[in-house]
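Submitted below is the structure of interest, expressed as structure tokens.
The values are calculated or read from the model by the stated rules, or taken from the named source; none is laboratory data. Everything numeric here is computed off the predicted structure, so don't read it as measured data. When we count neighbours, we look across all protein chains shown, and the Cβ atoms used for this are built from the backbone with ideal geometry, even at glycine.
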Amino acid sequence: MNNILAGKKILLGVTGGISAYKICYLVRFFIKAGAEVRIIMTPAAAKFVSPLALSVLSNYKVAINMFDDSDDSKKICVEAGTWHVNYGLWADVFIIAPATANTIAKIVCGISDNFLLSVCLAARCPIVVAPAMDKDMYENKITQNNINTLISRGVKIIPPAEGELASGLCGIGRMAEPEEIYDFIVDYFSKKSDLKGHNILVTAGPTRENIDPVRFISNNSSGKMGVELARAAAERGAKVTLVCGPLSVPVPPDIKIVHAVSASQMFGEIKKNLKEKNLVVMAAAVADFKPAVYSPSKIKKQNGNLLLPLEKTTDILEFLGKNKKKFKLFGFALETENEIANAKKKLKEKNLDMIVLNNPLQKNAGFNTDTNIVTLIDKKKTEKLPLLTKYEVANKIFDRYLELT
Ligand code: CTP
């Protein structure tokens, strides 16, 4: 066990899901690592796991009700009187696990009709949420929108896993295992501010090339890789500008967002935002071609096939490689054959400092997944990474950037 948690004050909020029983293990891990743990349960959670068990494991009485005079847990804030506020001030981090769809929705709306929610609304410490619920509830647009809202407000989400669910269904929704939650928190406290003083521009998402007022050419990019790069850099202390096409994922706070739709708009915005940058990472899936002529009115159906002449867009990465003076430049390469050789060729021809190679045909890699399998190639080193989350890939990329500077 890692002693980075020694002395850390961990507030654990438990809501009413069957995976609440697994929190006993998580509390054990934190206590063994030397952390101080205080636990708040919702009344529903207390039906799934005994507050007594969690009190014994955490060496402290569990808090459930807002107005329970016999509750010893008030001890930590009796001085100030407003104990829901003080719980939030006491903690270094507030983890809500399992977090039900109901609690997530209430947090989003600022509802505070139980003690856990009141603490959440008053908390100044970072909040980490581990959702756990049935597959259909998790996939419901309302829940997805709520989770995205939390992300955009800076709440950290530990995503649920796929597997057997209490409902008998199989699919996504199982709470992340206690070991994963523990590792996430260790990672969180170990994070260095090693990118402080670095000014980084990241691009993300697809571009859209309009054909007429209702149609466009685009691609499958969600923007997830670029957004995770921006998130990781900001968390490590960098000043981050994200130039993005239409994204399908939320952007966390503390990142300057510059929107662009077409490849040429993205090119223009990048040039405007290059000043004082130390690193540019081109993770956007920029269109290589656009319609040669834009039709201002909708193109009508006609007999026979429609031929749509396309013309090349500017290769932004190549332009930056030719014109770079002070900043490092990282590009991405999507290759499906002769991958390493093709990526090395791009690294050289486009004058890059590093290229991140990925093959979208590999399982769990490429577009629209939370994970990726990449190879990092610079002038001296080729490093194949295993299957990692895009956030982990992002951190590896910045580790290599620091080695190169
Ligand atoms: N890129 C760019 N401008 C474009 C097209 C791509 O800056 N007009 C950047 C992407 O952001 C990515 C890199 O180029 O960082 C590689 O894109 P990829 O599609 O793999 O390669 P291409 O160079 O476009 O070549 P090809 O499609 O022939 O493999």
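Here is a list of conditions, (1) touching a residue at least 60 places away in the same chain (Cβ under 8 Å); (2) near the ligand (Cβ under 9 Å from one of its atoms); (3) among the polar types (S, T, N, Q), and SER297 meets all of them except one; can you say which number that is?
(2)
Here's something else I'd like to know. Could you say which residue among LEU308, LEU352 is near the ligand (Cβ under 9 Å from one of its atoms), in the same structural domain as ALA263 (by TED's automatic domain parsing) and under 24 Å from THR207 (Cα atoms)?
On the way: LEU308 fails: near the ligand (Cβ under 9 Å from one of its atoms).
The unique qualifying residue is LEU352.
Determine whether ILE397 is of a type outside the set (Gly, Ala, Ser), within 9 Å of the ligand (Cβ to nearest atom) and in contact (Cβ under 8 Å) with a residue 24 or more places away in the chain.
So ILE397 does not fit the description; no.
Yes or no, residue by residue, for (1) of a type outside the set (Val, Ile, Thr); (2) modelled with pLDDT of 95 or more:
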{"residue": "LYS272", "(1), (2)": "yes, yes"}
{"residue": "VAL286", "(1), (2)": "no, yes"}
{"residue": "ALA292", "(1), (2)": "yes, yes"}
{"residue": "LYS301", "(1), (2)": "yes, no"}
{"residue": "LEU307", "(1), (2)": "yes, no"}
{"residue": "GLU311", "(1), (2)": "yes, yes"}
{"residue": "ASP315", "(1), (2)": "yes, yes"}
{"residue": "GLU318", "(1), (2)": "yes, yes"}
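If I filter the stretch 316-323 for residues that are more than 10 Å from the ligand (Cβ to nearest atom) and in contact (Cβ under 8 Å) with a residue 24 or more places away in the chain, do I get at least one hit?
Yes, the stretch 316-323 has at least one match.
Moving on to the next point. Determine which single condition THR203 fails, assuming it passes every other condition in (1) of a type outside the set (D, E, K, R); (2) outside the structural domain of GLN265 (by TED's automatic domain parsing); (3) touching a residue at least 24 places away in the same chain (Cβ under 8 Å).
Status for THR203: all satisfied but (2).
Yes or no, residue by residue, for (1) of a type in the set (Gly, Ala, Ser); (2) crowded, with 16+ Cβ neighbours inside 10 Å; (3) out of contact with any Lys or Arg (no Cβ under 8 Å at 6 or more places or on another chain):
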| residue | (1), (2), (3) |
| --- | --- |
| ILE147 | no, yes, yes |
| ARG153 | no, no, yes |
| ILE158 | no, yes, yes |
| GLU162 | no, no, no |
| LEU165 | no, yes, no |
| LEU169 | no, no, no |
| MET175 | no, yes, no |
| GLU179 | no, no, yes |
| ASP183 | no, no, yes |
